[in-house]
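The structure appears below as structure tokens.
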Amino acid sequence: MPVVAPVENPTEDEAREAYAAAEAHFGHVPNLVKALGSNPVFCKSITEFVIQALAEGRVSWAFKELVVLKTCRAMGSYYAYGAHERLAHDLGNSAERIGDLANSIWETSDAYTDAEKAVFELVNQIAVDANEVSDELWERLRSHWDHGQLLELAALITTFINIGRTADTLGVADPVLFTKPVAAG
Amino acid sequence: MAQLPYIEPEDADPVTKQVYDDAEARFGMVLNIFKISGNAPEIAEKMWQIYFDILREGPMLDWYTKELLILKSTKMGDCLYCVTQHEVVALREGVTVEKQRDIVGAIYRQSPHYTDAERAILDLTAHVMIDPEEIPADVWARVKEHYSDGQIVEIAVTIGAYLQVSKFGDALGVKLEEVWYGHQPVLFVEEPPESPGTKHLLDEFMAQTPVGG
């Protein structure tokens, strides 16, 4: 049993809105949303934020899922790792692009572009010490990605550090995130 | 300078402008961390709502308690930007300098300035920051003695959100605004930062002259 009791049928407006939005986006209400249900205000703001992250953006959703997976690995947080692997696959990533994320294999893998590898470097550095991201890495990142994309990537990495940490703290598991089909845009 | 441009209010699109207006209403100014998020307005809008929900009384925890969680988590994350600002905000919310100083390390456990309830959630914060897989059962028992499920959600979310914003701002190289120059740091004087990057930023900050004397 998780630390807090999951709420199955919320009665307050904010939580009901969050559950409806989650249902529409994921096809069901994920366990993390139910765990936040006892605090309707945060249930709503966090659910809406995660929905925004798990969709096509300035960066393709397919690549965003690889960034999420690398972030989970770098942080040692596996609350929804399996679900994100499935999602990465459904969005068109090969088994090699998913598997080669492990440890340092991505560094020498042919499955990624230099632009993508620079993002994985950013993930690892943010996980270890965000104060030590070098100017040189930022220069490389800016040569591959525009400002809006880099803001999105920095937000995405830190969002999944946040969500993973919160879910691990509360003892939530979401082995399935999407029960409806997803497709790369 | 930061690693991406700050989008100033006069250059902001309507979505960003609304976020800036909300931030200004709450904090009296548009901080650099908001301005950098103007590079992707649709993300800023959703992201900052969580922080607007944290930095106020309620919904289930008082702002004072949330400032303790923020100081503890951002100090452990070596975030000069967050710690400096929240030392000021915490003081405004009634957390005295003496009490702030005792939040570092394990001093709060013996400090007369802390209640048992506060000690329990600061122990929780420390475990969450170090390794959420190793939170001892007795810590949870003490937290649950004092806080409801909804409050525990708010505690976990506050720690997670400040882990996020610390790493977000630090990775992007967001700098403290001039308005903070001259602030006498409390937590990092009590216990210096571990990160070489934060040490450098602290030295730089301490060498700044307060604006307007």
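Read the figures in this text as sums done on the coordinates, not as results from a lab. Owing to the predicted nature of the structure, the values given are computational and were not obtained by experimental measurement. We place every Cβ from the backbone using ideal geometry, glycine too, and count neighbours over all the protein chains shown.
Can you compute the charge dipole magnitude of the protein assembly as shown about its Cα centre, using +1 on each Lys and Arg Cβ and -1 on each Asp and Glu Cβ, nothing else charged? Give it in debye, rounded to the nearest 20. Write out the running numbers ahead of the final one.
Details: 32 positive and 63 negative charges, 89 e Å.
Charge dipole, the protein assembly as shown, about its Cα centre: 420 debye, nearest 20.
Once you charge only the Cβ atoms, +1 for Lys and Arg and -1 for Asp and Glu, what is the size of the charge dipole of the range B:1-42 about its Cα centre, to the nearest 20 debye?
Details: 3 positive and 8 negative charges, 35 e Å.
Computed charge dipole of the range B:1-42: roughly 160 debye.
Which lysines, on any chain, are close to residue A:117 with Cα under 22 Å apart, when same-chain ones fewer than 8 places away are left out?
A:64, A:70, B:167
Among A:118, A:50, A:40, whose Cα lies farthest out toward the positive end of the dipole of chain A, if unit charges sit on the beta carbon of Lys, Arg (+1) and Asp, Glu (-1)?
A:40
Using per-residue counts of other Cβ atoms within 10 Å, averaged over each peptide, order B:78-91, A:48-61 from highest down.
The packing order, highest mean first, is B:78-91, A:48-61.
Above 23 Å lies some portion of the pair distances; for the range B:124-213, what is it as a whole percent of all C-alpha pairs?
Values: 1732 of 4005 pairs.
Across the range B:124-213, Cα pairs with separations above 23 Å total 43 percent.
Among B:40, B:132, B:97, which residue has its Cα positioned farthest towards the positive end of the charge dipole of the range B:1-155, with +1 placed on the Cβ of Lys and Arg, -1 on the Cβ of Asp and Glu, and the dipole taken about the Cα centre?
My answer, from the dipole projection, is B:97.
Rounded to the nearest Å, what's the spacing between the alpha carbon centres of the range B:96-113 and the range A:29-44? Just the number, please.
Taking the Cα centre of the range A:29-44 as reference, the centre of the range B:96-113 is 32 Å away.
How many angstrom separate the Cα center of the range B:161-187 from the Cα center of the range B:56-92?
Taking the Cα centre of the range B:56-92 as reference, the centre of the range B:161-187 is 12 Å away.
For the protein assembly as shown, place one equal point scatterer on every Cα, skip the solvent, and apply the Debye formula. What is log10 of I(q)/I(0) at q = 0.07, 0.12 Å⁻¹?
-0.30, -0.95
With Cβ to Cβ distances under 12 Å as the rule, what net charge do the other residues near residue B:42 carry (K, R +1; D, E -1)?
Values: positive: A:58, B:46; negative: A:48, A:56, A:152, B:13, B:45.
With Lys, Arg at +1 and Asp, Glu at -1, the neighbours total -3.
What number does chain B give for Rg over Rh if you use C-alpha atoms and the Kirkwood radius?
My calculation puts Rg/Rh at 0.96.
Quote the charge dipole size of the range A:119-185 about the Cα centre in Debye, to the nearest 20; the model charges only the Cβ of Lys and Arg (+1) and of Asp and Glu (-1). The partial results should precede the final answer.
On the way: 4 positive and 10 negative charges, 77 e Å.
Value, rounded to 20: 360 debye.
Quick check on chain B: helices-only [θ] at 222 nm, where DSSP H runs of length 4 and up contribute -39,500 (n - 2.57) each and the sum goes over total residues. Nearest 500, please. Provide the component values of the computation, followed by the final result.
Working: 11 runs with 129 residues, N = 213.
One gets -18500 deg cm²/dmol as the mean residue ellipticity at 222 nm.
Within the protein assembly as shown, which cysteines find no other Cys whose Cβ is under 4.7 angstrom from their own?
Those would be A:43, A:72, since no other cysteine Cβ in the protein assembly as shown comes under 4.7 Å of theirs.
Just to verify a number: FRET efficiency for residue B:109 and residue A:179, C-beta to C-beta distance, R0 = 51 Å, to 0.05? Show your work: numbers first, answer last.
Numbers: r = 45 Å, r/R0 = 0.89.
According to the calculation, E is roughly 0.65.
Within 10 Å of each Cβ in B:142-150, how many Cβ atoms from other chains are there, averaged over the peptide? Present the calculation step by step, with values, prior to reporting the outcome.
Numbers: counts 0, 1, 2, 0, 0, 1, 3, 11, 10.
Neighbouring Cβ atoms belonging to other protein chains average 3 per residue here.
Net charge around residue A:160, counting only other residues with Cβ within less than 15 Å of its Cβ (Lys, Arg = +1; Asp, Glu = -1)?
On the way: positive: A:64, A:70, A:73, A:165, B:46, B:167; negative: A:65, A:85, A:152, A:168, A:174.
Value of the local net charge: +1.
Of A:105, A:84, A:144, whose Cα points farthest to the positive end of the dipole of the range A:60-185 (charges on the beta-carbon: +1 Lys, Arg; -1 Asp, Glu; origin at the Cα centre)?
A:84
Can you tell me the convex hull volume per residue for chain A, based on C-alpha atoms, in Å³ to the nearest whole number? Write out the running numbers ahead of the final one.
On the way: hull volume 21.7 nm³, N = 185.
Once divided by residue count, the hull of chain A is 117 Å³.
Using a cut-off of 12 Å between beta-carbons, work out the net charge of the residues near residue A:61 (Lys and Arg +1, Asp and Glu -1, residue A:61 not included). Please list the in-between numbers first.
Values: positive: A:58, A:64; negative: A:56, A:65, A:90, A:152.
Neighbour charge sum, excluding residue A:61 itself: -2.
May I ask for the angle, rounded to the nearest 10°, between helix A:81-90 and the longest principal axis of chain A, with both axes built from Cα atoms and the value confined to 0 to 90°?
Approximately 70 degrees, to the nearest ten.
Please compute the average number of Cβ atoms from other chains found within 10 Å of each residue's Cβ in peptide B:27-38.
Numbers: counts 0, 0, 0, 0, 0, 0, 0, 0, 0, 3, 3, 3.
Mean partner shielding for this stretch: 1.
Considering only DSSP states other than H, G, I, E and B, which GluC sites (Glu not before Pro) in the range B:123-213 qualify as loop sites with at most 13 other Cβ atoms within 10 Å? Spell out each step's value before the answer.
On the way: sites: B:133, B:134, B:145, B:154, B:177, B:178, B:190, B:194, B:204; in loops: B:177, B:194.
Filter output for the range B:123-213: B:194.
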